[in-house]
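Here's the structure, in structure tokens; my notes come after.
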């Protein structure tokens, strides 16, 4: 990826897009490559403009942000998606995370939090908010079978539980008294076995399967 991070803005409100554009373009190394007012346009523009990150509203007319996220993250080498939402305990947020979003931000987030979020997901990390994900899963109470969860080794299970607490690779390494490269290997194995795109999807799967209790 180039040093410049290209961002696509997807929101049906002009005022929100304008505010996001001002924040993004005031930051060195970030640029807005396009804007979309609905999910269908977001998918089309993302495919032609190839942004690194899409800031995605979830409630949009016609094609919503969940459908758009699913389409974008299903493609190999697609952009990272950050959901920008008004309410964190929202079915839309939950479904967007399940669809492949790397995390979410509230629309009332500070400018520096937005910029940090873009940089984090562009670097291949996830915006994990363990408490929020736990609440979203607990509110639904249902569990589902997750293929591959029973294939995790004991150590991979330990790593997944610590991921669900929001620990970074370095923090997991310190907790387990191993090297960070070892943790990276375990994380990679966990994602592969669960068919998860990133840590966010792995943590959602851990809670939904009952492997980690949301309570």
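Scan the stretch 157-167 residue by residue and report those that are over 18 Å from the mean Cα position of the chain (by Cα) and buried (at least 18 other Cβ atoms within 10 Å of the Cβ).
Result: 159, single match.
Within the stretch 24-41, which residues are touching a helix residue (DSSP H, G or I) at 6+ places or on another chain (Cβ under 8 Å), assigned to a helix (DSSP H, G or I) and under 20 Å from residue 4 (Cα atoms)?
Matches in the stretch 24-41: 24 only.
For the stretch 36-47, give me each residue that is surrounded by fewer than 20 Cβ atoms within 10 Å (Cβ to Cβ) and within 24 Å of residue 125 (Cα to Cα).
Correct list: 45, 47.
Starting from the stretch 37-58, keep only residues that are outside the structural domain of residue 119 (by TED's automatic domain parsing), then list their pairs with residues that are part of a helix (DSSP H, G or I) and surrounded by fewer than 19 Cβ atoms within 10 Å (Cβ to Cβ) whose Cβ atoms are within a distance under 9 Å, requiring at least 6 positions of separation or different chains.
From residues that are outside the structural domain of residue 119 (by TED's automatic domain parsing), there are no pairs.
I'm trying to understand the selection: among the residues of the stretch 133-156, which are part of a helix (DSSP H, G or I), in contact with a helix residue (DSSP H, G or I) (Cβ under 8 Å, 6 or more places away or on another chain) and either buried (at least 16 other Cβ atoms within 10 Å of the Cβ) or at pLDDT 85 or above (or both)?
Matches in the stretch 133-156: 133, 134, 136, 137, 149, 151, 155, 156.
Restricting attention to helices (runs of 4 or more DSSP H) lying wholly within the stretch 168-215, give those where 1 or more residues are on the phi > 0 side of the Ramachandran plot, at pLDDT below 95 and loosely packed, with under 15 Cβ neighbours inside 10 Å.
The helices (runs of 4 or more DSSP H) meeting that bar number zero.
Name the residues in the stretch 1-31 that are within 20 Å of residue 96 (Cβ to Cβ) and either loosely packed, with under 12 Cβ neighbours inside 10 Å or free of Cβ contacts under 8 Å to residues at least 24 places away in the same chain (or both), would you?
17
Within the stretch 62-113, which residues are exposed (fewer than 15 other Cβ atoms within 10 Å of the Cβ), part of a helix (DSSP H, G or I) and in contact (Cβ under 8 Å) with a residue 24 or more places away in the chain?
74, 111
The values are calculated or read from the model by the stated rules, or taken from the named source; none is laboratory data. What you are looking at is a predicted structure, and each value in this text was computed from that prediction instead of being measured. So basically every Cβ, Gly included, is an ideal-geometry build from the backbone, and we count neighbours across all protein chains shown.
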